[in-house]
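The structure under discussion appears below in the form of structure tokens.
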Amino acid sequence: MSEAPKKILVLGIGNILWADEGFGVRALEAFHSLYRAPENVSLLDGGTQGLYLVQFVQEADYLLVFDAIDYGLEPGTLKIVRDDEVPKFTGAKKMSLHQTGFQEVLSAADLLGDYPEKLTLIGCQPEDLENWGGPLTVPVRSQLARAADVASALLEQWGAPCVRRELGEKVEPLLANDIDHASYERLMAVAQ
């Protein structure tokens, strides 16, 4: 009898309305548009939901998070942090309300006894966190596809290989109501 596949959650967190703060959600979108994940992998736009994410974290055996993190590095630098190191980095410098909330999510899941077996953060060093309504900056936007590729490689290590989508394949948007990356930036360009 074979073991059931691990429940894997790929989570994008951040505020898409605040320039590079939206990296996590936009990286999740990029991953979705580039890869088909197996059935045991769920994708979730966590936005700025904070403690509302606890139940999703509790249900995951393995958790992969995309987020904008101020590591003090060159803008656009990706950094991968694993397991026990993740809470230390999400609290390294408070850039927005959701980061403190996500640190609390991890603490709450741990306190409730349902902490993921494996946890990886794919963080990107932001350049601009002050531009309300602004798009991702060029250094951060240029890392979206790379972040998606890193996530795919990690999921394969976790026993959940993804399939690269065909060029031109129709993909149902992850975000609705014109807040997907392309639509949002098109609207912001018109508004300016």
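The values are calculated or read from the model by the stated rules, or taken from the named source; none is laboratory data. Not measured: the values here are computed from a predicted model. So basically every Cβ, Gly included, is an ideal-geometry build from the backbone, and we count neighbours across all protein chains shown.
Of all the residues that make up the stretch 147-169, how many are in contact (Cβ under 8 Å) with a residue 24 or more places away in the chain and over 21 Å from residue 44 (Cβ atoms)?
Total meeting the criteria: 1.
Within the stretch 1-16, can you find the residues that are in contact with a Leu (Cβ under 9 Å, 6 or more places away or on another chain) and either under 14 Å from residue 61 (Cβ atoms) or modelled with pLDDT of 90 or more (or both)?
8, 9, 10, 11, 12, 13
Check 66, 102 and return the single one that is within 14 Å of the chain's Cα centre (by Cα), at pLDDT below 85 and under 25 Å from residue 135 (Cα atoms).
102
Quick check: is even one residue across the stretch 156-163 assigned to a helix (DSSP H, G or I) and closer than 23 Å to residue 7 by Cβ?
yes
Give just the number: which of (1) at pLDDT 60 or above; (2) farther than 23 Å from residue 148 by Cα; (3) of a type in the set (Lys, Arg) does residue 82 not satisfy?
All conditions pass for residue 82, except number (2).
Which pairs turn up if I take residues in the stretch 121-146 that are polar (S, T, N, Q) and look for partners that are at pLDDT 95 or above and outside any strand (DSSP E or B) with beta carbon separation below 7 Å, at least 6 apart in sequence or on another chain?
Note: pairs meeting the criteria are 125/74; 125/75; 125/76; 125/77; 137/75; 142/76; 143/76.
Restricting attention to the stretch 49-65, does a residue exist that is over 12 Å from residue 147 (Cα atoms) and part of a strand (DSSP E or B)?
The answer is yes; a qualifying residue exists.
If we scan the stretch 167-181, do we find a residue that is modelled with pLDDT of 95 or more, part of a loop (DSSP other than H, G, I, E, B), surrounded by 14 or more Cβ atoms within 10 Å (Cβ to Cβ) and not basic (Lys, Arg)?
No - not one qualifying residue is present in the stretch 167-181.
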